[in-house]
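Values in this text are rule-based calculations from the coordinates and carry no lab data. Everything quoted here is computed from the prediction, not taken from an experiment. Cβ atoms come from the backbone with ideal geometry, glycine included; neighbour counts cover every protein chain shown.
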2 protein chains.
Amino acid sequence: MTFKYNNVYLNNTGTVTGPYEANGPLSKYFDKSYQDLYFGMKTWEQAESKLIENSVDILLNKLKKTRFDIDLFIAGDLLNQIASSNYAAASLGIPYFGIYSACATSVAGLILGANMIEAKQIKNCITAVSSHNNGAEKQFRYPVEYGGPKPKTTTFTTTGGASAYLSSEKQGVKVESATVGVVTDLGVKDVFHMGAVMAPAAAATIYKHLTDTKREIGYYDLVVTGDLGVYGKEILKEYMQTEYGIELRHYEDTGVMIYDRKDQPVYAGASGPACAPLVTYGYIVNKMKKKELNRVLVVATGALHSPTMVNQKLSIPGVAHAISLEAME
Amino acid sequence: MTFKYNNVYLNNTGTVTGPYEANGPLSKYFDKSYQDLYFGMKTWEQAESKLIENSVDILLNKLKKTRFDIDLFIAGDLLNQIASSNYAAASLGIPYFGIYSACATSVAGLILGANMIEAKQIKNCITAVSSHNNGAEKQFRYPVEYGGPKPKTTTFTTTGGASAYLSSEKQGVKVESATVGVVTDLGVKDVFHMGAVMAPAAAATIYKHLTDTKREIGYYDLVVTGDLGVYGKEILKEYMQTEYGIELRHYEDTGVMIYDRKDQPVYAGASGPACAPLVTYGYIVNKMKKKELNRVLVVATGALHSPTMVNQKLSIPGVAHAISLEAME
């Protein structure tokens, strides 16, 4: 399902990260970073919720608006019951939709908001996501204190909160079109290889987007997935070529971009719902405002990993949602 | 945030339940019921996912359509990572948004779908939810096999799957308007008293809906919450009166309607995302088609209960989303 927009703009963003992201190559593009993982809170889960609140506060400050000026808040995260988003929503008091698409959540939120702005059903919205390395590891794999060894295909959950403000005001970056993905399940059961889970979903969504918009892949200055990691990135390139006959050039993955794998212990790269929007809002939008990039297709990829279902020997479904951003003329 | 619709109809529905619902007073209104809790699957979680698939299959059969005729699938449930919905989406292969608003999820899905249909962004959609008593008890409280005693304010999670088909075709019931709720948190920490968590959220959303639409409560033949249970229902009536000066007449709660509390061991009544839509799609829509009810405000209420956050001594936020349904002229 592809939507076309004539009147939606990503006006501004707010990004907050933990220490690993602050020590990575994109450090200077983030609005705020903490040097520990608690941010003054008592637990990782409460710290994660604070990341969303912080990112919204920063965004509202940039916009010179208050939360009472915002029509709708759309958010999601990796915690069970999307607790980080729910508690942030309770604190914000803005009418709220909670969403869940794992690491594809940021683009799902952008699409839902953009649809309502295009239709003039809302004047504006803020859409946010978060993830927290220790919170996610504890919930999905093992507490990091166990120090268990991991295979090299493992990705490292990003710690961050990222918010975007959408409206019909012509400022920032244009939201041009978007494609809602189909859930794919090719039978991968390896919880340490999420790139393999998500790559086929990313390929299907990219192909569907190009078909629906009647575009060639070269239309885009950059196609960026988030977050497949180094191995998932290679799988996608190969899968895209063999399955759809499309050669991915000018292609990057946010899971590879946000850390320096030579100096940081992040295995195959980054993951987590915050990864794609941190890189997109912090780095890519910045480049688009400077016209160094003009047309970008952001493909957020989510592994719909349920530890309960994996323990029951089911495979892990994946999904990807794509949004096309254009620099302002 | 209140949306007004001129061109959206709830054309048809599919409802599937477990044995408790089949033995309750609304039994004859459900499309299909199972007499056990496994439905031929090996686990409760997989059984729950089957409930969604079943309800969609029944709905597609009624519509004489296939899944390839459906533009969008919007679904959510109580399982961590909304696993029931994700696996159903993988099996259906329809472009998919996952959502989470606990027991308010059904109306959140209706609103998101209705907005896109009103704006002609999609031709149609199916929105679905599920819940499973044993799956939910295991995840949120204790496995039922423990047989732990519970206070009388406890609600009993409904086992069911419920799907609705929305389009702009004038058939079924008109979707007239909807109000997106704000997350409220009045400090309740009692996981056995969700009615108390959700009642203030329901009150705030009802009041906001009436204010935005400039209506008196008497405009509606029926205001129905789902699912506060018997104690939450009384709390809402009192809170609505004292906080907003509104007397709730012609008011019911789906958590009270779906079971017979005299004969069934369900404590304060029903809960779970499936409760409100089972009663609405099965019973209320039926009455509306017969013109026994003409204007109904369905207020789905969700306790955004995170066991992790409650273990950390945080209180439980609540949210409610409302949708106004009208009988066809």
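So which chymotrypsin sites (Phe, Trp or Tyr not before Pro) in region A:1-87 end up in coil per DSSP with only 13 or fewer other C-beta atoms within 10 Å?
Within region A:1-87, no chymotrypsin sites (Phe, Trp or Tyr not before Pro) qualify (loop, at most 13 other Cβ atoms within 10 Å).
At most 11 other Cβ atoms within 10 Å and a DSSP loop assignment: could you name the GluC sites (Glu not before Pro) in region A:23-119 that fit?
none
For region B:279-329, which trypsin sites (Lys or Arg not before Pro) are in a loop by DSSP, counting at most 10 other Cβ atoms within 10 Å?
Passing both the DSSP loop test and the Cβ count: B:290, B:291, B:313.
Exceeding 30 Å between C-alpha atoms, which entries from my cross-link table qualify? They are A:65/B:4; A:189/B:64; B:233/B:291.
A:189/B:64
Please check: in the Gaussian network model of chain B (C-alpha springs, under 10 Å), which one of B:148, B:18, B:172 has the largest mean-square fluctuation.
B:148
Closest approach to the B-A rotation axis by any Cβ of B: residue and distance in angstrom?
B:119, 2
Any idea what log10 I(q)/I(0) is at q = 0.06 Å⁻¹ for the protein assembly as shown, Debye with uniform C-alpha scatterers and no solvent?
The Debye formula, applied to the Cα set alone, gives -0.28.
Pick from A:89, A:274, A:75: which is most flexible by mean-square fluctuation in a GNM of chain A where alpha carbon atoms under 10 Å apart are linked?
In this elastic network of chain A, the residue with the biggest mean-square fluctuation among A:89, A:274, A:75 is A:89.
What translational diffusion coefficient, in µm²/s and rounded to a whole number, does the Stokes-Einstein relation yield for chain A at 10 °C and a viscosity of 1.306 mPa s, taking the hydrodynamic radius as the Kirkwood radius over Cα pairs?
83 µm²/s
So how do A:173, A:183, B:129 line up by other beta-carbon neighbours within 10 Å, fewest first?
The fewest-first ordering by Cβ neighbours comes to A:173, A:183, B:129.
For region B:272-327 and region B:137-183, what is the separation of their C-alpha centers, rounded to whole Å?
6 Å
For region B:173-327, take the convex hull of the Cα atoms, compute a quarter of its surface area, and give me that in nm², please. Show your work: numbers first, answer last.
Details: hull surface 35.8 nm².
Mean projected area of the Cα convex hull: 9.0 nm².
Could you work out the Kirkwood radius for region A:188-241, taking every pair of different alpha carbons, averaging 1/r and inverting it, reported in Å?
Answer for region A:188-241: a Kirkwood hydrodynamic radius of 11.7 Å.
If Rh is defined by the Kirkwood formula over all Cα pairs and Rg also comes from Cα, what ratio Rg/Rh do you get for region B:7-167?
Here Rg/Rh amounts to 0.98.
Helix hunt in chain B: which complete DSSP H runs extend at least 20 Å axially by C-alpha with mean Kyte-Doolittle at least -1.0?
Helices passing the filter in chain B: B:44-63, B:194-213, B:229-244.
Using a Förster distance of 30 Å, how high is the FRET efficiency between residue B:171 and residue B:28, based on the Cβ-Cβ distance and rounded to 0.05? Please report the intermediate quantities before stating the final value.
Working: r = 23 Å, r/R0 = 0.75.
Efficiency, from the Cβ-Cβ distance: 0.85.
Two decimals, Cα atoms only, Kirkwood Rh: what is Rg/Rh over region A:211-255?
Numbers: Rg = 10.6 Å, Rh = 11.0 Å.
Answer for region A:211-255: 0.97.
Listing A:275, A:125 from the residue with the fewest other Cβ atoms within 10 Å to the one with the most, what is the order? Don't skip to the end; give the middle numbers.
Values: A:275 34, A:125 26.
Fewest-to-most ranking of A:275, A:125: A:125, A:275.
Under the rule of at least 5 residues apart or a separate chain, name every residue whose amide H is placed under 5 Å from the amide H of residue B:222.
Under 5 Å from the amide H of residue B:222 lie the amide H atoms of B:295, B:297, each far enough along the sequence or on another chain.
Mind jotting down the distance between the C-alpha centroids of region A:91-108 and region B:195-230, whole Å?
24 Å
List the residues, sorted by chain then number, that are 5 or more residues from residue A:320 or on another chain and whose placed amide H is less than 5 Å from its amide H.
For residue A:320, whose amide H was placed from the backbone, the distant partners under 5 Å are A:181, A:182, A:302.
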